[in-house]
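The values are calculated or read from the model by the stated rules, or taken from the named source; none is laboratory data. Note that the structure is predicted; figures quoted are calculated from it, not measured. When we count neighbours, we look across all protein chains shown, and the Cβ atoms used for this are built from the backbone with ideal geometry, even at glycine.
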Amino acid sequence: MLDIIIRAGCFIAIIALGFTLRRFGVFQASDFRVLSTIVIKITLPCAIITSFAGRQIDPAMLSIALLGFGGGLIYVILGFLLNKTKEEKAFEMLNLSGYNIGNFTLPFVQSFLGSVGVITTSLFDTGNAFICLGGAFGAASAVKAGNGFDFGRIAKALAKSVPFLCYILVISLNLCSISLPGPIIEFAGIVANANAFLAMLMIGVGFHITANRTQIGQILRLLAVRYGVAAVLGMCFWNFLPFDAEVRRALAILVFSPIGSAVPPFTRELGGDVGLSSAVNSISIVISIIIIVMLLSVLLCKCQ
């Protein structure tokens, strides 16, 4: 219990460090893009490669990717059903969906849940990528414009996503029992060691809340829906899925990941309220930290 609190406290301290350094001018708001590029295109792919090194995936676990896809799809559907105007539907379809796993939850998993937890997380995030890297945006765009769903745009977004392509590559190689050369694994391992620090520092630099009083109600409603659904999914995953406890534990934690980090940029492209989107996104990070630390404390003790 104490180890979890200390480790989680270190992650929170790194986030606070990034936020403080930006406030004092060491980092600028534009530096978030630089840090994000390093994490998404370099350290995260290396972390994915090392997480699969020397480990064999049970083909039955591939269904976990469908859970990641289905979890995000539920939020897209709810965003559509719970609103009246096209603008409201589009905004909430986008801002309810997607899990920030690679930049946020994966460092927690790497620290506390071992190799099985990391593989579970990677498979779940592979399905999640279809939603957070283009699927939700494509659906929201179609609703707002009143035209058809643009599958081509989603395919292009996924084709440009280095983490998604890395997931597909390492999973395919793993299922074919093909190992990457030792020097590549060694290099990836060195770079991957920086992923947790840079990911948390990036979150701190990008932490931003701007919302007026009239938007508070909408923020609270969005977050209530988001974490209410997460609670239901977490209980179902833990109690009813036919996987070992290590897998179910990881899944029960993953559903409490924050809203996807790509959502505010997609909201800007959609012509939505970026300030409101950033506020919801940043607050979800705080809530997820609290919930995930509590769940780690409870579930790790329960499985011992």
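The table below lists the values:
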read-out: Among the residues listed as Val280, Val232, Val286, the single one being buried (at least 18 other Cβ atoms within 10 Å of the Cβ) and at pLDDT 85 or above; value: Val280
read-out: Entirely in the range 26-106, the helices (runs of 4 or more DSSP H) that have 3 or more residues that are of a type outside the set (Val, Ile, Thr), more than 29 Å from Gly117 (Cβ to Cβ) and over 20 Å from the mean Cα position of the chain (by Cα); value: 86-95
read-out: Residue check, Phe137 assigned to a helix (DSSP H, G or I), among the aromatic types (Phe, Trp, Tyr) and out of contact with any Phe, Trp or Tyr (no Cβ under 7 Å at 6 or more places or on another chain); value: no
read-out: Residue count, the range 200-218 (criterion: in a helix (DSSP H, G or I), over 19 Å from the mean Cα position of the chain (by Cα) and surrounded by 13 or more Cβ atoms within 10 Å (Cβ to Cβ)); value: 2
read-out: Meets criteria (in contact with a Pro (Cβ under 8 Å, 6 or more places away or on another chain) and either surrounded by fewer than 24 Cβ atoms within 10 Å (Cβ to Cβ) or farther than 18 Å from Leu78 by Cβ (or both)) for Ala145; value: no
read-out: Extreme residue, modelled with the lowest pLDDT, among residues of the range 187-215 that are within 17 Å of Thr105 (Cα to Cα) and not hydrophobic (A, V, I, L, M, F, W, C); value: Gly206
read-out: All positions within the range 256-304 that are in a loop (DSSP other than H, G, I, E, B) and under 18 Å from Arg221 (Cα atoms); value: Phe256, Ser257, Pro258, Gly260, Gly272, Asp273
read-out: Pairs with Cβ under 9 Å, 6+ apart, first in the range 18-42 and closer than 13 Å to His208 by Cα, second in a loop (DSSP other than H, G, I, E, B) and among the polar types (S, T, N, Q); value: Arg22/Gln28
read-out: Answer from Arg226, Arg268 - the residue that is under 24 Å from Ser141 (Cβ atoms) and touching a strand residue (DSSP E or B) at 6+ places or on another chain (Cβ under 9 Å); value: Arg226
read-out: Residues of the range 78-102 classified as out of contact with any Pro (no Cβ under 9 Å at 6 or more places or on another chain), touching a residue at least 12 places away in the same chain (Cβ under 8 Å) and among the polar types (S, T, N, Q), total; value: 1
read-out: Hits in the range 267-287 (condition: out of contact with any Lys or Arg (no Cβ under 9 Å at 6 or more places or on another chain) and under 16 Å from His208 (Cα atoms)); value: Thr267, Arg268, Asp273, Gly275, Leu276, Ser278, Ala279, Asn281, Ser282, Ile283, Ile285, Val286
read-out: Answer from Ile48, Ile74, Ile119, Ile57 - the residue that is surrounded by fewer than 24 Cβ atoms within 10 Å (Cβ to Cβ), among the aliphatic types (A, V, I, L, M) and at pLDDT below 90; value: Ile57
